[in-house]
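Only one structure is covered here, and it is reproduced in the block below.
The values are calculated or read from the model by the stated rules, or taken from the named source; none is laboratory data. On a predicted model such as this, the values are computed, not experimentally measured, just so you know. Quick reminder, even Gly has a Cβ in these numbers, built from the backbone with ideal geometry, and neighbours come from all protein chains shown.
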């Protein structure tokens, strides 16, 4: 995961949202209060549209539609468009139709509320993103009956991108937004760039560096880390994690405990890092073709880099 280290004279704020750590940093301390208000509002708006855990969320309307077309907000339309783009670019390794498999594995509520002793349901390969119909101009979505969506693979990163851009537009400050380690920056970076710590699990950016972590600088675009060490829970006495292989509906048996990628946007970085975690060894050739800076850590802690990731 990633966490942002303080760089003077930037101003920072930290809090918890979506069961993960949020860090906001701006180059103009006078803009911090407005920036935080904008980010808090955006997080709440996206949650109301995209959460799997809220019965009042727009996403719940699709579950109840039984395969019919549903009129939705422009926000949910765009969130699903981003998710389907990620699925197309990764040949389905990042697939928003894994929601049903997540539920069968027990991830149908916040992690701290999952019953570790519950018996897991029967998991099958997902039906696939191609079965989802999206009418962008009309803001309509149709999902096959019985299929549940999970936008978690792209929604955090997409929210970080849109929030960073909006905060810069409204305040004029350079800004960094990190949501659970999905990092997006916008505007003019502080001198020397934004310093970001990359590690297995998002922690306190002001605390001691964990073993095996690395620090990089970011001046534009985004940085994301996907891995199997975070968002783990017990299901029927077996430890599972949230990175599912759509071809099985089960947690991916990855060669990597974490994959970090930098790209022109946080959502692109997260799309690639998640797909690499699912692909395992097959990711290396794909990364060489993409040419994106990446850092891959094996289960034994060995580090491989690609695409000009700094030593």
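Scanning the range 244-262 for residues that are surrounded by fewer than 21 Cβ atoms within 10 Å (Cβ to Cβ), in contact with a strand residue (DSSP E or B) (Cβ under 7 Å, 6 or more places away or on another chain), at pLDDT below 85 and assigned to a loop (DSSP other than H, G, I, E, B) yields nothing. Of the residues making up the range 210-233, those that are at pLDDT 75 or above and part of a loop (DSSP other than H, G, I, E, B) are 219, 220, 221, 228.
Of all residues in the range 15-56, those satisfying the criterion of being part of a helix (DSSP H, G or I), out of contact with any helix residue (DSSP H, G or I) (no Cβ under 8 Å at 6 or more places or on another chain) and closer than 16 Å to residue 155 by Cα are 40, 41, 44, 47.
Contact map, the range 236-262: residues that are under 23 Å from residue 308 (Cβ atoms) paired with residues that are part of a strand (DSSP E or B) and at pLDDT below 80, Cβ distance under 8 Å, separation 6+ or inter-chain. Pairs shown: 260/2.
Among the candidates 193, 207, 203, 236, single out the residue that is surrounded by fewer than 18 Cβ atoms within 10 Å (Cβ to Cβ), more than 12 Å from residue 260 (Cα to Cα), outside the structural domain of residue 126 (by TED's automatic domain parsing) and modelled with pLDDT of 70 or more. Working first, answer last.
On the way: 207 fails: modelled with pLDDT of 70 or more; 203 fails: modelled with pLDDT of 70 or more; 236 fails: modelled with pLDDT of 70 or more.
Residue meeting the stated conditions: 193.
Those residues that are surrounded by 15 or more Cβ atoms within 10 Å (Cβ to Cβ) and either within 21 Å of residue 252 (Cβ to Cβ) or touching a residue at least 40 places away in the same chain (Cβ under 8 Å) (or both), I need them from the range 291-303; list them, please.
Residues of the range 291-303 that are surrounded by 15 or more Cβ atoms within 10 Å (Cβ to Cβ), as a first pass: 292-297.
Residues satisfying the conditions are 292, 294, 295, 296, 297.
Scanning the range 33-47 turns up no residue that is in contact (Cβ under 8 Å) with a residue 12 or more places away in the chain and within 20 Å of residue 130 (Cα to Cα).
For the range 125-179, a residue qualifies if it is surrounded by fewer than 16 Cβ atoms within 10 Å (Cβ to Cβ) and assigned to a helix (DSSP H, G or I), and the qualifying residues are 130, 131, 169, 170. Of the residues making up the range 294-309, those that are closer than 12 Å to residue 261 by Cα, out of contact with any helix residue (DSSP H, G or I) (no Cβ under 9 Å at 6 or more places or on another chain) and in a loop (DSSP other than H, G, I, E, B) are 308, 309. Only one of the listed residues (75, 84, 62) is closer than 26 Å to residue 275 by Cα, in a helix (DSSP H, G or I) and in contact (Cβ under 8 Å) with a residue 60 or more places away in the chain. That residue is 62. Within the range 98-124, restricting attention to residues that are at pLDDT below 70 and outside any loop (DSSP other than H, G, I, E, B), which residue is farthest from residue 230 (Cα to Cα)? Here the answer is 112.
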